[in-house]
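A short write-up of the structure that comes next.
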Amino acid sequence: MTQEAAEQPPLRLVIDDSARDPSSKIWYALPAGYLNVPIDALDPEPGSEQETYLEQAMELVLGLAPEDQRDRYTGALRDVRFMAARMRSEGVIACSLGMHIADNGSSAMSVFTVALKDIDWAPAKITAVRAVSLRESAENVELLTLPGGRPASISDTLVTTPDLEGVPGQDLYQCTLYIPAPSGTQLGVLTLSSTAAGSREHYRDMMAGIAHTVSFHDPMPEIERAARGEGPDGPGGVANDIASDFG
């Protein structure tokens, strides 16, 4: 082992609270640089306690906004609530924002979403192939084999967004994973979108790594056993396995 390798800090896993939620139906790992967006809190049920908290937070933000910018802030907050409601209506159950360094050294942002869709039963491989084939403008279609021999599919595409209110259109890269649940009646759809189109190869490799961490059963007991050193590979086994998925 070289001195550089010896001085490398140990890998750490950050476990989000949602991983311990008994109502969770899908688990996955993300590389560093992603921040969870609480879409449930941004689209609360009318009359709920969460709606009261959201309205109070919005009033606080507007109260701090410059007087001549208040209408702009109001519109932006309204757009955020609309987008959260739209995502939930399409089955999105999780959303994260990522910030990374692009190939040219500039900051690159990405949006990562997870949707869980109910489907008619079919063999998993057929579901994976069918899902990706129905995607409009899908390119670079590939069938993946995940741990345990589970099938999944991945595709990506590059689209140009239209001009909006003086803002010129730009290229938008999208990469989507389709992972059938073992039950055969649900499909996980994981999507990454970014305007850093020049980093598409990096993002696609990252999405393939994420696919290998997806589970439809609670992995926390295994992770906790490994953290106590009771796993077959010792306390660092799970962290090392996940790190290898991301290269």
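The values are calculated or read from the model by the stated rules, or taken from the named source; none is laboratory data. Predicted model, so just to flag it, every value in this text is computed and none were measured. Neighbour counts are summed over all protein chains in view; Cβ atoms, including those assigned to glycine, are modelled from backbone coordinates with ideal geometry.
Checking A122 against (1) closer than 26 Å to A19 by Cβ; (2) modelled with pLDDT of 85 or more; (3) not in a helix (DSSP H, G or I), which single condition isn't satisfied?
Tallying (1) closer than 26 Å to A19 by Cβ; (2) modelled with pLDDT of 85 or more; (3) not in a helix (DSSP H, G or I), A122 fails exactly one: (1).
So L97 clears everything in (1) farther than 21 Å from L172 by Cβ; (2) not in a helix (DSSP H, G or I) except one condition, right? Which one?
(1)
Exactly one of (1) closer than 30 Å to G198 by Cα; (2) in contact with a strand residue (DSSP E or B) (Cβ under 7 Å, 6 or more places away or on another chain) is unmet by E136. Its number?
(2)
Do we find a residue being surrounded by 13 or more Cβ atoms within 10 Å (Cβ to Cβ), within 14 Å of the chain's Cα centre (by Cα), in the same structural domain as P180 (by TED's automatic domain parsing) and of a type outside the set (D, E, K, R) anywhere in segment 98-106? Even if it seems obvious, please write down each step before you answer.
So the first thing to find is which residues in segment 98-106 are surrounded by 13 or more Cβ atoms within 10 Å (Cβ to Cβ), and the list is 98, 100, 102.
Going one step further and asking which of them are within 14 Å of the chain's Cα centre (by Cα), we end up with 98.
Pick out the ones that are also in the same structural domain as P180 (by TED's automatic domain parsing) and you get 98.
Filter again for of a type outside the set (D, E, K, R), leaving 98.
Yes, there is a match, as at least one residue in segment 98-106 is surrounded by 13 or more Cβ atoms within 10 Å (Cβ to Cβ), within 14 Å of the chain's Cα centre (by Cα), in the same structural domain as P180 (by TED's automatic domain parsing) and of a type outside the set (D, E, K, R).
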